[in-house]
Amino acid sequence: MSSSSARLRRALVPFAAAVALLTTAASSSAAAAEQCGSIITAPLAPPVAADDPCPSTDPVVCRIRVLPMDQKVEAQRTRMSYHRLLEDMHRTAADMRAAGASEEEVARELVDMRNQAKEITRAGMTPQEVRILEERNIAKYGNPLGPTADQLYAKYGSWEKVSDASMRTSYAVDRELSLEYRPCPV
């Protein structure tokens, strides 16, 4: 091998390695950006003592913090099921809009779907867990499942905002369960 081809080869090998590394990094970034739905962000935190002060004002978060690990795992699975139901809502909204439904019709359907999703999700919870959620919602909205479409309209002033609100998830609860919810493209 000539000295010039050896020099060229020594120069190309690091260059090829750098291109391969950049390509791998770019495809990893693209894959991460494409993830949607329930994303597990970290291992679940171990339970804390029941008398440990809770940093959250949300009683659901405070309850999750003290759950034994097996119950936390089950709560995380339940939350992921709830996120899948939210995905159904995104598809329903897109389909209804494509079919020419009014934004009020879409919003009312989404609020109904969200309440149904809550009922489905709560079916896998203990009576005590359901009671905590229902007490919070009765105190806040006068309804064990949460706000009605009309209450949300009164709060937000537009049906588009009601639709958006009905498809949100609690960041604090998701974070406590080491989850992040990212809506999937429809």
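The values are calculated or read from the model by the stated rules, or taken from the named source; none is laboratory data. This is a predicted model, so every value here is computed, not measured. Positions of Cβ are generated from backbone atoms using ideal geometry, with glycine treated the same way; all protein chains shown enter the neighbour counts. In case anyone asks, the SASA skips ligands and DNA or RNA and just uses the protein heavy atoms, side chains included. Shrake-Rupley method; radii C 1.70, N 1.55, O 1.52, S 1.80 Å.
Here are the numbers for this structure:
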item: Loop sites in the range 84-186: GluC sites (Glu not before Pro), DSSP, at most 10 other Cβ within 10 Å; result: none
item: Relative contact order [Cα under 8 Å, 6+ residues apart], the range 54-138, whole percent; result: 35 percent
item: Solvent exposure of the range 93-186 as accessible area per residue, Å², 1.4 Å probe; result: 56 Å²
item: Spatially proximal aspartates and glutamates relative to residue 140 (Cα-Cα < 19 Å; intrachain offsets below 8 disregarded); result: 58, 112, 119, 129, 150
item: Whole-Å distance, taken between Cα centres, linking the range 60-94 and the range 114-168; result: 14 Å
